[in-house]
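See structure below.
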Amino acid sequence: MATRTQNDLVRMVLTDVLGRYSESDPIPADDSKSVKKIYADVLEILRDDGLAYWDLSAIPGVAVRHVVDIVAYRAAPGYGVPLTSLTEVTSGITLTLEQRGMRGLRKHLQKTSAKEPVRANYF
């Protein structure tokens, strides 16, 4: 399983989602530190909810997009990005970026059926 680092997460949040910097711009240390602090707080909450199983420095590739969404939503006010711009309407349901990320993590951790028949034992 491919993993991503905190620096990858910072770049994805500040360039891809919030549009604060371009891909070629260096990320200032203060901004990097701020996003990493938000990520640490979010990871603690996710662990408490049973939605995170990884270490602080190694984010699984299958979960990184969901974590980026959650962290970006929490970091947005500090960068002047209105939270209303981080919502989407899908099939008549309005989801914030944070809700979409949480939903994605829950789906990722959801146990799926083996689709095998189960023999019933009647007593």
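Determine whether Thr84 is loosely packed, with under 12 Cβ neighbours inside 10 Å and closer than 21 Å to Lys107 by Cβ.
Here the answer is no, as Thr84 does not meet what is asked.
Which of the helices (runs of 4 or more DSSP H) found entirely inside the range 16-123 contain at least 1 residues meeting this: among the β-branched types (Val, Ile, Thr) and touching a residue at least 40 places away in the same chain (Cβ under 8 Å)?
29-48, 64-75
Does Leu18 qualify as being buried (at least 19 other Cβ atoms within 10 Å of the Cβ), touching an Asp or Glu at 6+ places or on another chain (Cβ under 8 Å) and at pLDDT below 90?
No, not satisfied.
Hey, among the residues in the range 6-15 that are among the polar types (S, T, N, Q) and over 13 Å from the mean Cα position of the chain (by Cα), which one's surrounded by the fewest Cβ atoms within 10 Å (Cβ to Cβ)?
Asn7
If only one of Leu109, Leu97 is farther than 22 Å from Val10 by Cβ, hydrophobic (A, V, I, L, M, F, W, C) and surrounded by 10 or more Cβ atoms within 10 Å (Cβ to Cβ), which one is it?
The conditions single out Leu109.
State all residues of the range 21-35 that are surrounded by 17 or more Cβ atoms within 10 Å (Cβ to Cβ) and either in contact with a strand residue (DSSP E or B) (Cβ under 8 Å, 6 or more places away or on another chain) or charged (D, E, K, R) (or both); if no residue qualifies, say none.
Scanning the range 21-35 gives a single hit, Asp31.
Mind checking whether some residue in the range 44-52 is at positive phi, surrounded by fewer than 18 Cβ atoms within 10 Å (Cβ to Cβ) and either out of contact with any helix residue (DSSP H, G or I) (no Cβ under 6 Å at 6 or more places or on another chain) or at pLDDT below 90 (or both)?
yes
The values are calculated or read from the model by the stated rules, or taken from the named source; none is laboratory data. Model, not experiment: these values are computed from the prediction. Every residue, glycine as well, gets a Cβ built from its backbone with ideal geometry; the counts of neighbours run over all protein chains shown.
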